[in-house]
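Asker: One structure coming up, written as structure tokens, with questions to follow.
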Amino acid sequence: MVRNLGSSVQYFAWRVASAVIRRLPLRVSYAVAWALGSGAYYCWPRARRAMRANYWRALPGVSRKERDRVARRSLVNYCKYLADFIRFPSIPPGELIAEVEGEAQFEALSQSLECGKGAVIVCMHFGNWDLGAGAAAAHGYPLTVVAETFADPRLDAMVMGARTRLGMTIVKMEKAGPSLIRALKQNGLLALLIDRSTPGDGVRVSFFGEQVDVPAGPARLALRTGAKVIPTAFARIDPHRPAVTTLCDFGIETAATGDAEADIRNLTQAIMHAHERFIRQYPDQWYMFRPMWSAGVAP
């Protein structure tokens, strides 16, 4: 009963937010996002504690005051991302492309696809990944995205519908399987998030110097199909627009040695090291509001 009530509240909150944001000028919607994100930081103690612990590891040597400032900005940027997401389905493809700085990265992506085996785009909850995905679809890349299912089917339909209108093919996490391999065999892009572990499907790697369990799926799919693995992030570069810059690591090789467990671990480790670099460069755009590591609390 409590869960159903919570999911219904989420649905109606999203409907109200969508109705309001679509009618507000962009700068005003960002002002609202700033107020909500700042307020959430002080009114959401569980997330605040988690972010302090996460940034304690990700930003060693940085003062607690500065880590708190980064954590608060992270919540503000996440609220801006939500405001952008509400607007995206009504934005023409050309405008989506114009908001994404990354011509060289898209050219390198096209070269990676010349092998005909597709590419696994590995992201985190960072920056504005939906804008980057929408721009990739607008460029003409066939893009399949694995998504979680919301508890309220009405909210799920709204969010998934918005992503579909951006040009993405949505595959639900609980139904993923052959369709993911099919997307890669058709030389498409498969976008996966790696900062939420799936029970029974994790691999332990180092992340900012400490052990953490993350999904093994991206590495396993790439090794099985021979697809290119490209850790990717889309970092906001303008506080007054949705504009982002594209961060990619095209240097990761997908090579099977015959030791499947070691290959998965090594490939996943390379992915996580790439995301470490992205987070160090733009720490306030990493949206991790739960403990990333299982042990330890920030001082």
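The values are calculated or read from the model by the stated rules, or taken from the named source; none is laboratory data. Predicted, not measured: the structure shown is a model, and the values here were computed from it. All Cβ positions, even for glycine, are placed from backbone atoms using ideal geometry, and neighbour counts span all protein chains on display.
Asker: Against the conditions (1) part of a helix (DSSP H, G or I); (2) touching a residue at least 60 places away in the same chain (Cβ under 8 Å); (3) of a type outside the set (A, V, I, L, M, F, W, C); (4) under 26 Å from ILE97 (Cβ atoms), where does GLY167 fall short? Just the number, please.
Answerer: Single failed check for GLY167: (1).
Asker: Report yes if some residue within the range 75-90 is buried (at least 17 other Cβ atoms within 10 Å of the Cβ), within 14 Å of PRO283 (Cβ to Cβ) and among the small types (Gly, Ala, Ser); otherwise report no.
Answerer: Scanning the range 75-90 turns up no residue that is buried (at least 17 other Cβ atoms within 10 Å of the Cβ), within 14 Å of PRO283 (Cβ to Cβ) and among the small types (Gly, Ala, Ser).
Asker: Is it fair to say ASP213 is in a loop (DSSP other than H, G, I, E, B), surrounded by fewer than 18 Cβ atoms within 10 Å (Cβ to Cβ), out of contact with any helix residue (DSSP H, G or I) (no Cβ under 9 Å at 6 or more places or on another chain) and acidic (Asp, Glu)?
Answerer: Considered against the rule, which asks whether it is in a loop (DSSP other than H, G, I, E, B), surrounded by fewer than 18 Cβ atoms within 10 Å (Cβ to Cβ), out of contact with any helix residue (DSSP H, G or I) (no Cβ under 9 Å at 6 or more places or on another chain) and acidic (Asp, Glu), ASP213 comes out as no.
Asker: Name the helices (runs of 4 or more DSSP H) wholly inside the range 1-80 in which the number of residues that are of a type outside the set (Ser, Thr, Tyr) and at pLDDT 95 or above is 3 or more.
Answerer: The qualifying helices (runs of 4 or more DSSP H) are 26-43, 45-58.
Asker: For GLU107, which of the numbered conditions (1) assigned to a helix (DSSP H, G or I); (2) touching a strand residue (DSSP E or B) at 6+ places or on another chain (Cβ under 9 Å) fails to hold?
Answerer: (2)
Asker: Could we say that TYR55 is buried (at least 17 other Cβ atoms within 10 Å of the Cβ), touching a Pro at 6+ places or on another chain (Cβ under 8 Å) and within 20 Å of ASN128 (Cα to Cα) here?
Answerer: yes
Asker: Right, next: Looking at (1) closer than 25 Å to GLY116 by Cα; (2) under 20 Å from the mean Cα position of the chain (by Cα); (3) of a type in the set (Lys, Arg), can you tell me which one ARG182 breaks?
Answerer: For ARG182, the failing item is (2).
Asker: Tally up the residues in the range 100-120 that are under 18 Å from the mean Cα position of the chain (by Cα) and farther than 11 Å from THR246 by Cβ, please.
Answerer: Qualifying residue count for the region: 2.
Asker: Another question, then. Can you find a residue in the range 105-118 that is over 24 Å from ASP284 (Cβ atoms) and surrounded by 23 or more Cβ atoms within 10 Å (Cβ to Cβ)?
Answerer: Among the residues of the range 105-118, at least one is over 24 Å from ASP284 (Cβ atoms) and surrounded by 23 or more Cβ atoms within 10 Å (Cβ to Cβ), which makes the answer yes.
Asker: May I ask you to list the residues in the range 238-259 that are under 16 Å from ALA119 (Cβ atoms) and either among the polar types (S, T, N, Q) or assigned to a loop (DSSP other than H, G, I, E, B) (or both)?
Answerer: Passing the criteria: THR246, ASP249, PHE250, GLY251, ILE252, GLU253, THR254, ALA255.
Asker: Would you confirm whether or not the range 178-186 contains a residue that is assigned to a loop (DSSP other than H, G, I, E, B), out of contact with any Asp or Glu (no Cβ under 8 Å at 6 or more places or on another chain) and surrounded by fewer than 20 Cβ atoms within 10 Å (Cβ to Cβ)?
Answerer: Yes: one or more hits.
Asker: Still on this structure, please answer the following. Could you tell me whether any residue of the range 194-202 is in contact with a Ser or Thr (Cβ under 6 Å, 6 or more places away or on another chain) and either of a type in the set (Asp, Glu) or at pLDDT 95 or above (or both)?
Answerer: Checked against the condition, which is being in contact with a Ser or Thr (Cβ under 6 Å, 6 or more places away or on another chain) and either of a type in the set (Asp, Glu) or at pLDDT 95 or above (or both), the range 194-202 yields no hits at all.
Asker: Among ALA133, ALA137, ALA191, ALA162, which is within 18 Å of the chain's Cα centre (by Cα) and in a strand (DSSP E or B)?
Answerer: Just one listed residue meets the conditions, ALA191.
Asker: Identify all residues within the range 84-102 that are among the basic types (Lys, Arg) and modelled with pLDDT of 95 or more; write none if there are none.
Answerer: If the condition is that a residue be among the basic types (Lys, Arg) and modelled with pLDDT of 95 or more, then no residue fits.
Asker: Tell me the residue from GLY140, GLY202, GLY177, GLY116 that is in contact (Cβ under 8 Å) with a residue 24 or more places away in the chain and among the small types (Gly, Ala, Ser), please.
Answerer: Just one listed residue meets the conditions, GLY116.
Asker: For ALA235, all conditions in the list (1) within 14 Å of HIS125 (Cβ to Cβ); (2) among the hydrophobic types (A, V, I, L, M, F, W, C); (3) assigned to a helix (DSSP H, G or I) hold save one; what is the number of the exception?
Answerer: (3)
Asker: All but one of (1) within 19 Å of LEU192 (Cα to Cα); (2) touching a residue at least 24 places away in the same chain (Cβ under 8 Å); (3) not basic (Lys, Arg) hold for GLY251; which doesn't?
Answerer: (2)
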